[in-house]
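A.B. asks: I have a structure I would like to understand better, so I am pasting it below and will then ask my questions one at a time.
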Amino acid sequence: MKVDILASGSSGNCIALTTNETTILIDAGIAKTKIEKRLLEVGITPNRVEAIFVTHAHSDHIKGLPLANKYKIPVYAGEREWKNITTVEDELIRPIGVGGIFGCGQFIVSHFNVHHDAIDPRGYVVWNLDNFKVSICLDTGLVDKSMLNAMRHSDIYIIEANHDPRMVEASDYPNSVKARILSHVGHLSNEQTAKALRELVVGKGERIYLTHLSSKNNLPTLAEMTVKRELLKKGYQAGNHYELEVV
């Protein structure tokens, strides 16, 4: 399975997953024209996209949804999250309720609840026909047992490592923004992400992508070091037991 992270961070998020002839997007948080350009840069023509799965309706995850209208791409999002999504044509709307597994070309997609200050936010689990499993966990303030259970035994983990709490506290953000980021419906710290990955990674060569890093309250080297240190407690070393990339 090919993973292309087309955008990551507060300026926009968009992930392309491709297997053989099928491509799906997780989020479309940059302008439609930028998504088209970045898809072409990685060898994917936009009309090959078979579905878009939205984690939640904040602008850095849905800005580019007019792409769906242009190419008639079905868009999946939490049933109640559609209250805040107004740019998708009615015939392309696919609400996700409780339960449900979706077939999209050569992919099977499931979902799980996350903890973020949106109405009905979701994470996603994607399998190809060879049972290769990818888990995507973006904006969430914590990782609970049900989320861990949904993501277990993945071959690829795409997970946010948004901030270092000390950098948030020392930032010039208003106190209300600091409280939001650090809350249980905010974003994952490096430490939270590292502890979740320690629960999940079994050293079978998993690929880990650390995403949605704050440009002001994190450093790629800090996020990477925090995760590596936690996984080393299980005896796992990057390059031998797993692969790690910060994007």
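The values are calculated or read from the model by the stated rules, or taken from the named source; none is laboratory data. From a predicted model like this one, the values you see are computed outputs, not experimental measurements. Ideal geometry is used to build each Cβ from the backbone, glycine not excepted, and the neighbour counts take in all protein chains shown. Note: areas computed on protein heavy atoms with side chains; ligands, DNA, RNA excluded. Shrake-Rupley method; radii C 1.70, N 1.55, O 1.52, S 1.80 Å.
A.B. asks: Of everything in the stretch 201-225, what is of a type in the set (Ser, Thr, Tyr) and not in a strand (DSSP E or B)? Give them in sequence order.
C.D. replies: 214, 215, 221
A.B. asks: Quick test of your reading of the structure: residue 156 fulfils all but one of (1) farther than 29 Å from residue 120 by Cβ; (2) in contact with a Ser or Thr (Cβ under 8 Å, 6 or more places away or on another chain). Name the failing condition by number.
C.D. replies: Going through the list (1) farther than 29 Å from residue 120 by Cβ; (2) in contact with a Ser or Thr (Cβ under 8 Å, 6 or more places away or on another chain), residue 156 breaks only (1).
A.B. asks: Could we say that residue 236 is farther than 24 Å from residue 122 by Cβ, touching a strand residue (DSSP E or B) at 6+ places or on another chain (Cβ under 9 Å) and open to solvent by less than 70 Å² (accessible area, probe 1.4 Å) here?
C.D. replies: Values: farther than 24 Å from residue 122 by Cβ: yes; touching a strand residue (DSSP E or B) at 6+ places or on another chain (Cβ under 9 Å): yes; open to solvent by less than 70 Å² (accessible area, probe 1.4 Å): yes.
So residue 236 fits the description; yes.
A.B. asks: Can residue 180 be described as in contact with a Gly (Cβ under 6 Å, 6 or more places away or on another chain), among the basic types (Lys, Arg) and at negative phi?
C.D. replies: Judged against the criteria, residue 180 is a match.
A.B. asks: Taking the options 245, 230, name whichever one is open to solvent by less than 70 Å² (accessible area, probe 1.4 Å) and modelled with pLDDT of 95 or more.
C.D. replies: Selected residue: 230, the only one of 245, 230 that is open to solvent by less than 70 Å² (accessible area, probe 1.4 Å) and modelled with pLDDT of 95 or more.
A.B. asks: I need every pair where a residue in the stretch 114-133 that is of a type in the set (D, E, K, R) has its Cβ under 7 Å from the Cβ of a residue that is in a strand (DSSP E or B), sequence separation at least 6 or different chains.
C.D. replies: As it stands, the answer is 120/78; 122/78; 122/96; 122/111; 122/112; 122/113; 133/125; 133/127, since those pairs meet every condition given.
A.B. asks: Same structure, new question: Are any of the residues in the stretch 17-31 more than 18 Å from the chain's Cα centre (by Cα), of a type outside the set (Val, Ile, Thr) and surrounded by fewer than 23 Cβ atoms within 10 Å (Cβ to Cβ)?
C.D. replies: yes
A.B. asks: Which residues, taken from the stretch 32-57, are open to solvent by 10 Å² or more (accessible area, probe 1.4 Å) and closer than 24 Å to residue 214 by Cβ?
C.D. replies: Correct list: 34, 38, 57.
A.B. asks: Scanning the stretch 1-16 for residues that are open to solvent by 10 Å² or more (accessible area, probe 1.4 Å) and part of a loop (DSSP other than H, G, I, E, B), which turns out nearest to residue 48 (Cα to Cα)?
C.D. replies: 1
A.B. asks: Further question on the same structure: With the checklist (1) more than 27 Å from residue 141 (Cβ to Cβ); (2) part of a helix (DSSP H, G or I) in hand, flag the one item residue 73 doesn't pass.
C.D. replies: (2)
A.B. asks: I need every pair where a residue in the stretch 191-220 that is over 17 Å from residue 137 (Cβ atoms) has its Cβ under 6 Å from the Cβ of a residue that is part of a loop (DSSP other than H, G, I, E, B) and open to solvent by 30 Å² or more (accessible area, probe 1.4 Å), sequence separation at least 6 or different chains.
C.D. replies: Qualifying pairs under 6 Å: 203/236; 203/241.
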